[in-house]
Each structure stands twice: as C-alpha cells, then as structure tokens.
Amino acid sequence: MRPLILIAGLLALGACTPPPPPTPQQVAARCDEEARRAAGPTGQVAVGVSSGRGVQTGISIGVTDDYLRGRDPSTVHAECYVRLTGAAPMIPYSPALGR
C-alpha cells in the first residue's frame, strides 16, 4: 500500500511543474494579436445551413479597453513583449509587415 502512496505523491509533484516559457514565435503572435485588437474593433460573422435547424447566423464584435482608451498599437505590442519576456522587442510592431 505504501508504494502506491509514494507513486501517487510523486505524480502529484510532477504535475506541479511550471509550464515551459513561450517560444519567441508564440510571444510575437500573442503580442501582434494584442496590438491588432488595440488598433480597432474586431468582428466575426457566421452563416450556416443545417438540415435539422435550417439557416443559422451569428455575429460577434470585440472591442478592447486599449482601443477605447486610444492606446497606440505599437506601445501595446512593446508592453506585451516586455511583460512576457522581460526584454524589449528587437523588431517593432508594424501592421504593414503583416505581423
């Protein structure tokens, strides 16, 4: 019985390890998305047809507090990057670059 308790304890400790840090690509993608949302409202429209329910539609609109406060997307991107990595971004945010 004791070996089972020991194994269960070791498994519980193994589950408590912190997640790995995000990759540079993940940080860039997340901060780019935050900057895009600060630039303006986002939205999504969905239309579908189902044999059981007929035509279905949906719409969603998202507005961030950064947009409402008029914050510069470049500033939002830089602050996000520093928050996630502790370092300043090497390449500044530019919506023209498709980043």
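Every number in this text was worked out from the coordinates using simple rules, so none of it is lab data. Everything numeric in this text was worked out from a predicted model, so none of it was measured. Backbone-built Cβ (ideal geometry, glycine too); neighbour counts: all protein chains shown.
What to note about this one:
- Considering residues of the range 28-47 that are more than 15 Å from Ile61 (Cβ to Cβ) and touching a residue at least 12 places away in the same chain (Cβ under 8 Å) only, the residue surrounded by the fewest Cβ atoms within 10 Å (Cβ to Cβ): Arg30
- Among residues of the range 60-96, those that are loosely packed, with under 10 Cβ neighbours inside 10 Å and touching a residue at least 12 places away in the same chain (Cβ under 8 Å), counted: 2
- Of all residues making up the range 62-74, the number that are of a type outside the set (D, E, K, R) and over 17 Å from the mean Cα position of the chain (by Cα): 2
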